[in-house]
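Asks: Questions regarding the structure given below will be posed in turn.
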Amino acid sequence: MTRRTAAPGRYGRASAVVAAEWRKLRSMRSAYWTVAVAVAFVPLSVLLAMQAAHIWDGLSAERREGFGLASLADLAAWAAALCLGVLGVLSVTSEYRTGMIRVTLAAVPARRTVLAAKAAVVAAVALAAGEAVAFTTFLATRGVIGDRPISGYTSAFGDEAVELAAAGASVAAFALFGVGLAFVLRSTAGSIVSLALVWHVVPVMVGNLPAPWNDRIGSFMLGGLPAQIGRKDQNSIYGELLPPGAAALVLLAYAVVPLAAAAIVLTRRDA
């Protein structure tokens with residue numbers, strides 16, 4: 001009597017789809033380039049910190065009182081968000097461009113499973129890259145600044161940890177935003193342009209609105225959410241009206257809403 005092999009269960013199939021999406025992402029040359037560019041902002045931030053320290057050392061005591069430096073960790077994470085957002089787009093549109101999406105959906109008819117697996121892989125890569133960029137930039141630039149009492153660089157690591165973690169999470173949220181957007185638009189150019197609008201153009205436009213609308217709407221911009229989650233006052237174009245819990249929910253919405261739209265579109269139209 002032959003022994004019957006059990007069919008793989010739901011979780012086994014899901015893990016196989018995730019493994020397939022991971023192999024596809026690793027095979028993309030653009031994936032390495034986008035992550036590399038994101039990581040490159042760490043040494044760039046260190047150079048900016050070195051320049052700031054050099055300028056500080058040459059200032060008089062009076063001029064030092066008005067000298068400040070924006071958070072380079074926030075800046076690096078903000079730039080990394082665009083890089084990983086582009087990765088999220090390319091992870092989808094590369095399959096549409098080559099026609100591989102038809103093969104993928106033929107092999108896995110459960111389209112939402114494909115979406116969930118691709119989102120999980122992109123989110124894992126983006127979260128790892130985002131947290132690494134945020135925390136490494138913070139520690140490296142603080143090491144360069146040293147004990148110089150430069151405005152914005154005097155707080156302890158413990159006071160900044162929550163905001164740094166939120167900044168890294170914002171990179172993953174924006175990467176998932178790119179995944180969802182790409183499934184909806186199915187266009188590399190259109191998706192990347194839309195990413196750039198949400199990433200920078202819209203916040204600048206909002207910052208130029210008359211008060212109090214600039215603060216009210218600016219509080220919902222992606223770049224301003226980590227500081228609000230970390231309960232940190234900020235001097236930027238963003239608002240700071242949301243409590244930490246609400247800011248965290250808005251950050252989550254940046255990922256969930258586009259993915260929900262993608263799930264609807266993906267199940268209602270042909271590949």
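The values are calculated or read from the model by the stated rules, or taken from the named source; none is laboratory data. Being a predicted model, the structure only gives us computed values, none of them experimental. Here the Cβ positions follow ideal geometry from the backbone for every residue, glycine too, while neighbour counts run over all protein chains shown. Side chains are part of the model used for accessible areas, which takes the heavy atoms of the whole protein and leaves out ligands, DNA and RNA. Shrake-Rupley method; radii C 1.70, N 1.55, O 1.52, S 1.80 Å.
Asks: I'd like to check something: does segment 84-100 contain any residue that is touching a Gly at 6+ places or on another chain (Cβ under 7 Å) and either free of Cβ contacts under 8 Å to residues at least 40 places away in the same chain or open to solvent by 20 Å² or more (accessible area, probe 1.4 Å) (or both)?
Replies: Among the residues of segment 84-100, at least one is touching a Gly at 6+ places or on another chain (Cβ under 7 Å) and either free of Cβ contacts under 8 Å to residues at least 40 places away in the same chain or open to solvent by 20 Å² or more (accessible area, probe 1.4 Å) (or both), which makes the answer yes.
Asks: Same structure, new question: From the list Ala128, Ala140, Ala120, exactly one residue is without any contact (Cβ under 8 Å) to a residue 24 or more places away in the chain and open to solvent by 20 Å² or more (accessible area, probe 1.4 Å). Which is it?
Replies: Of Ala128, Ala140, Ala120, the one residue that is without any contact (Cβ under 8 Å) to a residue 24 or more places away in the chain and open to solvent by 20 Å² or more (accessible area, probe 1.4 Å) is Ala128.
Asks: OK, next. Kindly establish whether Ala161 is open to solvent by less than 20 Å² (accessible area, probe 1.4 Å), at negative phi and among the small types (Gly, Ala, Ser).
Replies: Here the answer is no, as Ala161 does not meet what is asked.
Asks: Next question, about the same structure. Which of the following residues is at pLDDT below 95 and either of a type in the set (Ser, Thr, Tyr) or in contact with a helix residue (DSSP H, G or I) (Cβ under 6 Å, 6 or more places away or on another chain) (or both): Leu242, Leu259, Leu176, Leu209?
Replies: Going through Leu242, Leu259, Leu176, Leu209 in turn, the sole match is Leu242.
Asks: Under 6 Å between Cβ atoms, at least 6 apart or on separate chains: pull out the pairs that start in segment 29-55 with a residue that is within 12 Å of Ala77 (Cα to Cα) and assigned to a helix (DSSP H, G or I) and end on any residue that is polar (S, T, N, Q) and open to solvent by 40 Å² or more (accessible area, probe 1.4 Å).
Replies: Short answer, once both residue conditions are applied: Val42/Thr136.
Asks: Something else about it: Considering every residue within segment 22-39, establish whether at least one is open to solvent by less than 40 Å² (accessible area, probe 1.4 Å) and either at pLDDT below 90 or more than 19 Å from Ala80 (Cβ to Cβ) (or both).
Replies: No - not one qualifying residue is present in segment 22-39.
Asks: Please specify each residue of segment 96-111 satisfying the condition of being more than 19 Å from Gly190 (Cβ to Cβ) and part of a helix (DSSP H, G or I).
Replies: Within segment 96-111, Met100, Arg102, Val103, Thr104, Leu105, Ala106, Ala107, Arg111 qualify.
Asks: Counting only residues that are among the polar types (S, T, N, Q) and open to solvent by less than 70 Å² (accessible area, probe 1.4 Å), give me the helices (runs of 4 or more DSSP H) lying completely in segment 164-249 with at least 2 of them.
Replies: Filter on segment 164-249 gives 188-196.
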